[in-house]
1. Looking only at segment B:531-562, which residues are in a helix (DSSP H, G or I) and open to solvent by 20 Å² or more (accessible area, probe 1.4 Å)?
2. If you take the residues in segment B:485-503 that are assigned to a loop (DSSP other than H, G, I, E, B) and small (G, A, S), which one is most open to solvent (accessible area, probe 1.4 Å)?
3. Looking at B:A377 and the list (1) under 29 Å from B:A45 (Cα atoms); (2) within 23 Å of the chain's Cα centre (by Cα); (3) surrounded by fewer than 19 Cβ atoms within 10 Å (Cβ to Cβ), which single condition is not satisfied?
4. How about segment A:77-92: which of its residues are surrounded by 16 or more Cβ atoms within 10 Å (Cβ to Cβ), more than 8 Å from chain B (Cβ to nearest Cβ) and under 29 Å from B:V150 (Cβ atoms)?
5. Identify, from the list B:I86, B:I35, B:I100, B:I133, the residue that is closer than 27 Å to B:R274 by Cβ and either within 12 Å of another protein chain (Cβ to nearest Cβ) or β-branched (V, I, T) (or both).
6. Scan A:A48, A:A14, A:A21 and give me the residue that is more than 30 Å from B:G551 (Cα to Cα), away from every other protein chain (no Cβ under 14 Å) and free of Cβ contacts under 8 Å to residues at least 12 places away in the same chain.
7. Kindly check whether there is at least one residue in segment B:283-306 that is buried (at least 21 other Cβ atoms within 10 Å of the Cβ), of a type in the set (G, A, S) and in contact with a Gly (Cβ under 8 Å, 6 or more places away or on another chain).
8. I'd like the full set of residues that are surrounded by 16 or more Cβ atoms within 10 Å (Cβ to Cβ) and out of contact with any Lys or Arg (no Cβ under 8 Å at 6 or more places or on another chain), limited to segment A:117-138.
Amino acid sequence: MKIKTEAGERHVLAITVDNEAGVLAKITGLFTARGYNIESLTVADITADHALSRITIVTSGPPPIIDQIIAQLDRLVPVHKVVDLTDAGETHVEREIALVKVAGTGDKRIEALRMADVFRAKVVDTTLTSFIFEITGTSDKVDRFIALMRECGLVEVGRTGVVAIARGPEAL
Amino acid sequence: MVVQALVDLGVDTVFGYPGGAVLPIYDALYKHPTIKHILVRHEQAATHAAEGYARSTGKPGVVLVTSGPGATNAVTGITDALLDSIPMVVLTGQVPTTLIGTDAFQECDTVGITRHCTKHNYLVMDPDRLGPIMHEAFHIATHGRPGPVVIDIPKNVQVATGTYSVPEFIQHNSYRPQVEPDADAIAQAIDMIAAAERPIFYTGGGIINAGPDASAALRQLVSLTGAPITSTLMGLGAFPADDPKWLGMLGMHGTYEANMAMNRADLIIAVGARFDDRVTGRLDAFSPDSKKIHIDIDRSSINKIVPVDLAVVGDAGRALDALIAAWGDKGHKARDLGEWWRRVDGWRATRCLDFPEKKEPDADIMPQRAVKALFDATRGMDPIITTEVGQHQMWAAQHFGFFAPNRWLTSGGLGTMGYGFPAAVGAQIANPNRLVICIAGEASLQMNIQEMGTVSQYRLPVKIFILNNEWMGMVRQWQELTYESRYSNSYSDSLPDFVKLADAYGWTGLRIDTLGQLEDGIAKMIDTPGPVIVDCRVAQLANCFPMIPSGAAHTDMILQPNDITGTMDDEAKALV
């Protein structure tokens, strides 16, 4: 017998929650317990009094599952608001930061620096045999930069995951 | 402070078991003038007793247990309350804050363990937060879709002094469930109901949770529309079983007429029910030609399993009231549903709950007959019935009639064997003068049989009626259907002598062996003061029908034992 899985589309959810112990575990636990995907997750507090945190989750699934994910998140007691930024009609801005360490000498080192320039990546640390680049952009752009760096002596990558915010003057 | 908060919250009963990490609270409860503490024999039973208390009264059940094993033993009951939406607050002791995370004696990560089996939980690190958290916890447990809330209180927080005041009004800063239904949705719903040619009400535990007024409103709306009504296991009692519009329970062991009517309907009005897999059967064949209205307090229940045409988020009682008002405002008149009722009556004519039996006095008792006899003998006594989980539970649901809410206490969502007896304890404590009967199977009962001691201690007149077939009957039934009768570990070997066991605990024990003894045995059980255990020996190999086999549609019900095929493909097996 085969166990079926359904392919789905990518959604970016912005969630505001009470900044209290265990909230993150509650949310990630909901995803594992109900079999939903988490492609990336970021979290940090966003208010001056540290009372609220904003969580950005990139997930995927068919529309009814996305609807369920939002409803399930929304009924958790510490959750204030859940917004699907990728919902039809909404446009939003997404950014991700990566730190990319590349080691090498000679032509490869020069090539790495040149491509970093093209991608507007900044050099944040250097030795005679290595660079650390900081690159900011959509996940797609970061992916492409990392793929190119593989040819130029990539040794390590750290990524933040996606943060996103809706366009226009309104708040969440 | 904990005890003062309980008093202020109107708590009169706490079910619990002491231990090192809750001794300060137990000391405050010592000879307390208003709060009665019921000492159980196992923490799981405390949670089920609290559920029994809550389901029979509508008030939240309160549990007090110690850290570590006290908390972990409570987890099954907490999960049961989550699945069946029962309001409950569980106070757990915890090691002092200075020792948390050190693997201290009787330490466990209670908030971690209970995070996903509670509606919400708290670890109280600051004594000044204890009071507000207590009040907030009761608010959350009882508002919106009810559920269990755990408050984990370290021992040093219990003995610390902090400020406490009774909040005048609780408004949680993020938890604001939608209780009032949307007026437009109600207007749309009532037009759909008025226009339907083959409507059916499908109701669930949400009606019970919405309070007795919701049941009254349901009766009124059904009577206005003239539509047939069926209910889930959890919803039994919301609508009277002797009303001609009542089709009986639906689902896997529901009636033929209820399932066929669901399948052929052109409109399903789901109220406080959640399209559980035990109800829907095979999803792609579930009520294919109907429009569906779903009224539920929990938005996440809507479109979870079955996509619906109209969603109404709100309290079942308020929604029913609004529907009744809208029916009148719009001047709707009940349609002539004669053709629909003729079809329903045709399905009724199969008499799907009939069962073969011998009538001689020395014949084996069919378990269905035992339930019917119990029902007949207690009619007019308005009994509270609890059950364990298994065949006996389904026979009770099929053959015992209920006429009012909060009389039928059973573990539906989690299906917890060992629920029924402690739930009867809780119900009896909440209703000292009512007849409380636990219909049990001999296997389930043994999962919390230690509570006989609790019953003796508080002199509770609980009656346990065991349908003893010496099998884990539902397991065996599935093995017959799915695994060619390979009875792997489903025989209840080495059973105790229940009559002698009753004697050991100071109860009255009775045995019923034959059909001729049934009526007298039940009468004796009812007439005997104090706790009684009845070991009713029933036909061993009887199975529970009708039944929708795993992976089948509503229209593929097995009505009688000889319809069984004996094997299933892997797809169907996986759905068991």
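1. Those that are in a helix (DSSP H, G or I) and open to solvent by 20 Å² or more (accessible area, probe 1.4 Å): B:T555, B:D556, B:P561, B:N562.
2. Filtering segment B:485-503 for residues assigned to a loop (DSSP other than H, G, I, E, B) gives B:485-490, B:492-497.
Then drop every residue that is not small (G, A, S), which leaves B:485, B:488, B:490, B:492, B:494.
Values: B:S485: 56, B:S488: 73, B:S490: 0, B:S492: 10, B:S494: 104 Å².
It comes out as B:S494.
3. (2)
4. Quick first cut of segment A:77-92, residues surrounded by 16 or more Cβ atoms within 10 Å (Cβ to Cβ) only: A:77-80, A:82-86, A:92.
Filter again for more than 8 Å from chain B (Cβ to nearest Cβ), leaving A:82-86, A:92.
Answer for segment A:77-92, where residues must be surrounded by 16 or more Cβ atoms within 10 Å (Cβ to Cβ), more than 8 Å from chain B (Cβ to nearest Cβ) and under 29 Å from B:V150 (Cβ atoms): just A:V82.
5. Step by step, each of B:I86, B:I35, B:I100, B:I133 is checked, and only B:I86 is closer than 27 Å to B:R274 by Cβ and either within 12 Å of another protein chain (Cβ to nearest Cβ) or β-branched (V, I, T) (or both).
6. Details: A:A14 fails: free of Cβ contacts under 8 Å to residues at least 12 places away in the same chain; A:A21 fails: away from every other protein chain (no Cβ under 14 Å).
Every option except A:A48 fails the conditions.
7. No, segment B:283-306 contains no residue that is buried (at least 21 other Cβ atoms within 10 Å of the Cβ), of a type in the set (G, A, S) and in contact with a Gly (Cβ under 8 Å, 6 or more places away or on another chain).
8. Within segment A:117-138, A:A121 is the sole residue that qualifies.
The values are calculated or read from the model by the stated rules, or taken from the named source; none is laboratory data. Keep in mind it's a predicted model, so treat the numbers as computed, not measured. Ideal geometry is used to build each Cβ from the backbone, glycine not excepted, and the neighbour counts take in all protein chains shown. All accessible areas refer to the heavy atoms of the entire protein, side chains included, with ligands and DNA or RNA removed. Shrake-Rupley method; radii C 1.70, N 1.55, O 1.52, S 1.80 Å.
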